[in-house]
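To start, the structure under review is shown below, and the notes come after it.
The values are calculated or read from the model by the stated rules, or taken from the named source; none is laboratory data. These numbers were taken from a predicted model, which means no experiment stands behind them. Here the Cβ positions follow ideal geometry from the backbone for every residue, glycine too, while neighbour counts run over all protein chains shown.
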Amino acid sequence: MGLRRAGAPAVMTGLPSSSTAPRGLHVITWGCQMNVYDSARMSDVLRPLGYQPVDTPDAADMIILNTCHIRDRAAEKVFSELGRLRKIKEARETAGQPTIIAVAGCVAQAEGQEILARAPYVDIVLGPQTYHRLPEMVARAARAGGAVIETDFPAEQKFDFLPDTAAPQTPGNLTAFLTIQEGCDKFCSFCVVPYTRGAEVSRSVTSVLAEARRMVESGVQDISLLGQNVNAYHGTGPDGEVWDLARLAYALAAIPGLNRIRYATSHPRDMDDALIAAHRDLPELMPYLHLPVQSGSDKILRAMNRGHTADEYREIVRKLHEARPDLALSSDFIVGHPGETDEDFEATMQLVRDVTFAQAYSFKYSQRPGTPAAGAPLQVPEDVKDARLQALQALLREQQDAFNQSLVGQTVPVLFTSEGRKAGQISGRSPWLQPVHVTGSRDLIGREVPVRITERLTNSLNGILEEEKVYA
Ligand code: 5AD
Ligand code: SF4
């Protein structure tokens, strides 16, 4: 715990003093939705120091790279971006404008020392669990003129130290992310998350509900609850009991104005009956669930340490559909995990045919140093992974198109969030997250309105307003 200092000499000159004069902040975010949330919270934490968002790095007194380490080449992308930022920093500093470069997120956590060794012009390296200490890190970087590295897992929970007054990501937004749980104790064979994000921690119910209320007061209607294992949520309630995600969902649904609740990412093992019942009871819980299965082969699921079989997954899906017939699924898949044979891959294809997905992400297995699968025998050759990924993605694409096509002719509630790209057009989201475009007045932005879907485009839908019926 505490600040550790890297031995590398500082290259930067004269960092900004600790006054609160206006300064530009540019955050570049890679990776998952939680990183998007974290980037917003880093901006919140820095706002009292005078940092305001700017659109380009050359206008920024501080640049944060919020990084992702989940798959291949993440670190290389970071180093190549740093090379570009170094030039900007040098040009600005020649013009007398000191510039802080910070690397945050999971690459920082996993490769902090390497970053300082290869890019000594980086001023701050911080892991995902320490960004509540950013103001202190900025001050220390300025004072000591040396790089600051904070990649420990502090005993205090960062959520207890983040400013309460934080506005949601962007004021005026109708949708927002809200992190309720972080970290993972499941240790899937392929995954770095338990090492980069640390052990599973849930925020208290009170702090989650307070943040949700603040978001709703500022106009948010659609909240996505985030966590690496969001349905393993077990926060302390105001009654001193441990609340699970189902109980939290009922409490959130009772907040007037919070019309849409989503959550990601779930683990099949934690998809219990109480949560399935919440899908039956709460219209606010959107009928769209991201439930990664990774593989359809029991042998590979075992090797992955997933803790469930393919049939158990099918059974969870059956129960979910029973509870909420219009529920659609999204998932993650990995092809080419060590030991995966053609037969195992075919079991994955069969699972996809059986379950059907409205949307999915699929990846070639990539070796992550330090994870159990990285050193496993029977690594699958790259060309085999390529062929499997292509076959899987073709099937998933077919299913996604079929799902979107099935909405054509139906009337669905659309929450309008912005003006469309074309003149006179407005855009919003369906309950299943597809972007929907209609011709309509911008006065409808912020309202949930019935729309008859008329056309399927590649990744979105066109529709027409059914004006007589307005939901909210
Ligand atoms: N290789 C390929 N895909 C991975 N994922 C996580 N780790 C790896 C890896 N080493 C995928 C999983 C996970 C998603 C976020 O990223 O499918 O659900
Ligand atoms: Fe990674 Fe598995 Fe934890 Fe998901 S459940 S974050 S895939 S270790």
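Observations on the model:
- Whether a residue is out of contact with any Lys or Arg (no Cβ under 8 Å at 6 or more places or on another chain) and either within 15 Å of ligand 2 (Cβ to nearest atom) or at pLDDT below 95 (or both) was assessed, and residue 325 does not pass this test.
- Taking the range 294-313 as the range and being of a type outside the set (Gly, Ala, Ser) and within 25 Å of the chain's Cα centre (by Cα) as the test, the residues that pass are 294, 301, 304, 305, 306, 308, 313.
- Criterion (of a type in the set (Asp, Glu) and assigned to a strand (DSSP E or B)) met by exactly one of 455, 467: 455
- Note on the range 321-338: residues that are part of a helix (DSSP H, G or I) and in contact with a helix residue (DSSP H, G or I) (Cβ under 6 Å, 6 or more places away or on another chain) total 1.
Let's see how each residue does on (1) at pLDDT below 95; (2) surrounded by 18 or more Cβ atoms within 10 Å (Cβ to Cβ); (3) over 19 Å from residue 143 (Cα atoms); (4) hydroxyl-bearing (Ser, Thr, Tyr):
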position	(1), (2), (3), (4)
16	yes, yes, no, no
20	yes, no, no, yes
23	yes, yes, no, no
60	no, yes, yes, no
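- Within the range 344-363, residues that are farther than 13 Å from residue 296 by Cα reach partners that are among the β-branched types (Val, Ile, Thr) and away from ligand 2 (no atom under 16 Å from the Cβ) with beta carbons closer than 9 Å, at six or more positions or on different chains, in the pairs 360/352.
- When the range 186-197 is filtered for residues that are under 16 Å from the mean Cα position of the chain (by Cα) and at pLDDT 90 or above, the ones remaining, listed by number, are 191, 192, 193, 194.
- Tabulated pairs, the range 178-204, first at positive phi, second away from ligand 2 (no atom under 11 Å from the Cβ) and of a type in the set (S, T, N, Q), C-beta under 7 angstrom, 6+ apart or interchain: 198/129
- Residue among 289, 248, 258, 252 that alone is within 16 Å of ligand 2 (Cβ to nearest atom) and among the hydrophobic types (A, V, I, L, M, F, W, C): 289
- Restricting attention to the range 228-259, the residues that are closer than 30 Å to residue 196 by Cβ and of a type outside the set (Val, Ile, Thr) total 16.
- Answer residue from the range 292-326, given it is surrounded by fewer than 16 Cβ atoms within 10 Å (Cβ to Cβ) and on the phi > 0 side of the Ramachandran plot and is nearest to ligand 1 (Cβ to nearest atom) among those: 305
- Considering the range 248-268, the residues that are crowded, with 19+ Cβ neighbours inside 10 Å and more than 16 Å from ligand 1 (Cβ to nearest atom) include one that is nearest to the chain's Cα centre (by Cα), namely 262.
- Scanning the range 31-77 for residues that are basic (Lys, Arg) and within 16 Å of ligand 1 (Cβ to nearest atom) yields 71, 73, 77.
- Residue match in the range 231-247 (condition: of a type in the set (Phe, Trp, Tyr) and assigned to a helix (DSSP H, G or I)): no
- Condition met for residue 416 (under 23 Å from the mean Cα position of the chain (by Cα), of a type in the set (Phe, Trp, Tyr) and closer than 30 Å to residue 325 by Cβ): yes
- Residue in the range 85-92 that is away from ligand 2 (no atom under 16 Å from the Cβ) and within 22 Å of the chain's Cα centre (by Cα) present: no
- Residues satisfying the stated conditions in the range 211-247, i.e. within 19 Å of residue 34 (Cα to Cα) and aliphatic (A, V, I, L, M): 212, 215, 220, 223, 225, 226, 230, 232, 245
- Every test in (1) within 16 Å of ligand 2 (Cβ to nearest atom); (2) touching a residue at least 40 places away in the same chain (Cβ under 8 Å) is passed by residue 302 save one, and that test is (2).
- Counted residues, the range 197-225 - those being crowded, with 22+ Cβ neighbours inside 10 Å and touching a Cys at 6+ places or on another chain (Cβ under 8 Å): 1
- Here residue 445 clears all of (1) out of contact with any Phe, Trp or Tyr (no Cβ under 7 Å at 6 or more places or on another chain); (2) touching a residue at least 24 places away in the same chain (Cβ under 8 Å) except the condition numbered (1).
- In the range 62-80, the qualifying residues are those that are buried (at least 18 other Cβ atoms within 10 Å of the Cβ), more than 16 Å from ligand 2 (Cβ to nearest atom) and not aliphatic (A, V, I, L, M), and the one that is nearest to residue 114 (Cα to Cα) is 67.
- Filtering the range 372-416 to residues that are at pLDDT below 95 and not in a helix (DSSP H, G or I) leaves 376, 377, 378, 379.
- Taken over the range 353-371, the residue count meeting the criterion of being exposed (fewer than 15 other Cβ atoms within 10 Å of the Cβ) and part of a helix (DSSP H, G or I) is 2.
- Selection count, the range 418-446, where residues are part of a strand (DSSP E or B), crowded, with 19+ Cβ neighbours inside 10 Å and in contact with a Leu (Cβ under 9 Å, 6 or more places away or on another chain): 6
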